[in-house]
Each structure stands twice: as C-alpha cells, then as structure tokens.
Amino acid sequence: MRLGVLDVGSNTVHLLVVDAHRGAAPIPARSEKSVLRLAERITKNGDLSKAGSEELVRTVAAAATSAKKLGCEDLMAFVTSAVREADNAAEVLSRVTDETGVDLRVLSGEDEARLTFLAARRWYGWSAGRLLVLDIGGGSLEIASGIDEDPDFATSLPLGAGRLTRTRFTSDPPERDEIDETAEWLTGQLAPVAKKLGKLGEPDRVVATSKTFRTLARLAGAAPSAAGPRVRRVLTEPGLRQLIAFISRMSAGDLAELEGVSGSRSHQLVAGALVAQAAMRALSREELEICPWALREGVILRRLDQTDGEDHTGVNSKQEAGAR
C-alpha cells in the first residue's frame with residue numbers, strides 16, 4: 001500500500017510518501033519539505049502566532065493535496081513539541097482539521113521516543129541486543145532504551161537544538177561564556193536520566209537518529225547521504241569535540257555553506273552539537289552509530305503492524321483511527 005506521513009515539527013513540515021506492506025521495509029517514493037520554523041512563531045503569551053497558524057493551514061492543505069495526487073491510501077499526520085506546547089494548540093489543530101480535512105495527532109514526547117525506538121529496533125534487528133536510542137529535535141531530546149520493540153525506558157527532555165538556541169544564546173555565533181555555561185547546564189539536566197539508565201544495564205548498541213545527528217556525523221567525516229542508507233556512519237566524542245571547537249566560531253550564514261548543513265537549521269547547529277556532546281558524556285559513550293530510520297519510519301511501522309498482514313496491495317485495507 002502507499003502511505004503518507006506528515007510530520008509537523010519545530011522547524012519543518014515534512015511529507016514522506018512510502019510504498020509498504022507488513023513484513024517489508026518501507027520504500028520511499030516522495031519527500032516534500034516546507035520550512036515553517038513554528039517554534040519561532042510562538043508569541044510572548046505562549047500562542048502560535050496568527051501568521052504561523054495560517055501558514056500551517058496552507059502547508060497542511062498543500063501536503064494533503066500532494067498525498068492524494070500521489071495515491072496515498074492513508075495520511076498519518078502528527079505534530080510534535082512546537083505545536084504541542086502552544087497555549088492555543090487545540091484551537092490551531094481544530095482550524096487545521098476544519099479547513100484541510102486533516103486530523104493532526106498530537107504526539108507526546110514519550111510517544112516520540114517510543115516510536116523512534118521502534119524504528120531503530122526494526123532497522124538493527126534483534127541481534128543488536130539492548131538498544132539505547134538518542135534523538136535530537138528542534139524542541140526536545142528523546143532517549144529510549146530496551147531489549148524489545150517497546151522500550152523499558154523512554155523520556156523526552158526540553159533540550160532541543162532550536163529551543164536552546166533561542167533561550168541560551170544571544171549572538172551569532174554564540175559567546176564563549178554562553179557555550180561554556182550551556183554545556184555545564186546540560187550536564188546537570190542529563191545527570192538524573194543517566195542515573196536511571198545506568199540501572200537498566202549496559203546497552204549492547206547505542207544509536208542516534210535525526211537530522212542534527214546526521215549533520216554532525218557528516219561534518220565529522222561520515223559518508224554523505226549519496227552513499228546510501230546502509231553505509232555505516234558513526235559520530236565519535238573526540239570528533240564531536242573537535243567539531244564544536246570549529247563550528248562554535250562560525251556564524252549561521254557561514255555554517256550554511258558547509259557541505260551537508262541545511263540552511264534552515266544552521267543557526268541551531270552549535271546548540272545541537274552541545275546537546276549531543278553532553279548526552280554522550282552523561283551516558284559515557286565514545287561513539288554513536290547513526291540510524292537512518294527515525295520517528296516517521298516508526299509511525300509507518302506502527303501503522304503497518306495494525307494491518308492484517310495479508311493485503312499487500314492496500315485494497316480493503318483498514319484505516320485505523322489510532323494511526324491518524
């Protein structure tokens with residue numbers, strides 16, 4: 001069947017269309033992204049601004065039209081921290097539904113962690129043993145660990161790259177003392193989580209997902225995306241330390257000129273690198289393996305798990321309400 005996933009995140013609205021059936025890896029058919037930076041459209045009183053709401057409606061409507069033209073039998077649409085935390089979230093989501101016909105499901109931070117973990121587990125398989133999965137988004141950091149497909153531990157912390165850039169940096173590039181203070185602050189924020197994870201046992205494999213980790217790994221020498229998803233990519237703590245010393249002196253405009261750095265995310269790369277470094281140190285990790293599957297793939301896999309496993313063409317497929 002052909003499925004569409006619409007991810008309304010802190011930075012972008014991403015439509016991913018895949019051909020998939022239960023028991024097989026989803027095959028990407030189309031990817032469309034719109035940069036909205038919704039997290040930066042939150043007003044002082046905590047609402048998503050009128051302009052941001054209107055642009056969200058237009059973008060969701062366009063994505064729904066694309067999904068229909070591409071033959072999607074189901075469009076699974078969800079929002080993460082930016083819209084979830086807005087004081088007028090209910091009003092915004094109701095308007096999106098009324099004007100576009102798309103029901104945006106609100107994923108909690110723990111939902112994000114669990115679905116991302118599911119994607120990583122399916123990618124690496126049972127031979128990976130106990131998995132520890134990290135995911136840095138624009139608004140939050142998700143951490144999950146477990147030996148099954150549903151993790152024993154899953155949490156979300158308000159330590160996203162965009163959030164820290166907005167709340168802890170006052171200049172571009174950040175001041176040296178801001179970087180040092182943020183690094184020290186992150187150590188304190190992650191210590192309780194590291195303690196809890198330590199009680200679960202040593203992980204057999206530690207992996208990271210998300211655009212931030214992929215970008216950091218690429219800048220530290222990992223293979224480019226053109227090499228394909230099955231090439232092993234890693235991010236080491238020494239490599240990350242050297243990278244931070246380099247990128248922390250560069251403006252967002254200069255960072256955007258580097259190969260592998262998205263112009264829409266360059267302004268938050270330093271903060272993302274600090275979160276990655278703090279997480280690796282808190283968890284005593286010298287190396288992270290980059291997983292090509294993340295939240296969107298987790299949503300797809302969960303949807304496929306809800307099919308009867310027999311209908312691979314999508315004819316008479318069940319439209320599970322819980323997946324929308």
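Suppose the filter is within 21 Å of T167 (Cα to Cα) and assigned to a helix (DSSP H, G or I); does L243 pass it?
No; evaluated as a whole, the condition is false for this residue.
The set of residues in the stretch 1-30 being among the aliphatic types (A, V, I, L, M) and either open to solvent by less than 10 Å² (accessible area, probe 1.4 Å) or closer than 17 Å to T116 by Cβ (or both) consists of L3, V5, L6, V8, V13, L15, L16, V17, V18, A20, A25. Across the stretch 252-268, the qualifying residues are those that are open to solvent by 10 Å² or more (accessible area, probe 1.4 Å), in a helix (DSSP H, G or I) and touching a residue at least 12 places away in the same chain (Cβ under 8 Å), and the one among them that is farthest from G239 (Cα to Cα) is G253. Return yes or no: is G162 out of contact with any strand residue (DSSP E or B) (no Cβ under 8 Å at 6 or more places or on another chain) and open to solvent by less than 10 Å² (accessible area, probe 1.4 Å)? Yes; evaluated as a whole, the condition is true for this residue.
For the stretch 217-233, the criterion of a residue being of a type in the set (S, T, N, Q) and either closer than 14 Å to S284 by Cα or surrounded by 14 or more Cβ atoms within 10 Å (Cβ to Cβ) (or both) is satisfied by no position. Every residue in the stretch 165-214 that is part of a loop (DSSP other than H, G, I, E, B), within 26 Å of F117 (Cα to Cα) and free of Cβ contacts under 8 Å to residues at least 40 places away in the same chain, please. Across the stretch 165-214, the qualifying residue is only K199.
For the stretch 92-107, the criterion of being free of Cβ contacts under 8 Å to residues at least 12 places away in the same chain, open to solvent by 10 Å² or more (accessible area, probe 1.4 Å) and of a type in the set (A, V, I, L, M, F, W, C) is met by none of the residues. In the stretch 274-285, is there at least one residue being of a type outside the set (S, T, N, Q), surrounded by 21 or more Cβ atoms within 10 Å (Cβ to Cβ), within 20 Å of V18 (Cα to Cα) and in contact (Cβ under 8 Å) with a residue 40 or more places away in the chain? Within the stretch 274-285, none of the residues are of a type outside the set (S, T, N, Q), surrounded by 21 or more Cβ atoms within 10 Å (Cβ to Cβ), within 20 Å of V18 (Cα to Cα) and in contact (Cβ under 8 Å) with a residue 40 or more places away in the chain. Looking only at the stretch 110-131, residues that are touching a helix residue (DSSP H, G or I) at 6+ places or on another chain (Cβ under 7 Å) and either acidic (D, E) or crowded, with 21+ Cβ neighbours inside 10 Å (or both) come to 6 in all. Scanning the stretch 146-163 for residues that are over 12 Å from the mean Cα position of the chain (by Cα) and either closer than 20 Å to V299 by Cβ or of a type in the set (K, R) (or both) yields G146, D148, E149, D150, P151, A154, T155, R163. For the stretch 280-302, how many residues meet the condition of being of a type in the set (D, E) and either assigned to a loop (DSSP other than H, G, I, E, B) or closer than 13 Å to R122 by Cα (or both)? Residues meeting the conditions: 2.
The values are calculated or read from the model by the stated rules, or taken from the named source; none is laboratory data. The model shown is predicted, which means the values in this text are computed figures rather than measured ones. When we count neighbours, we look across all protein chains shown, and the Cβ atoms used for this are built from the backbone with ideal geometry, even at glycine. Heavy atoms of the whole protein, side chains included, go into the accessibility calculation; ligands, DNA and RNA do not. Shrake-Rupley method; radii C 1.70, N 1.55, O 1.52, S 1.80 Å.
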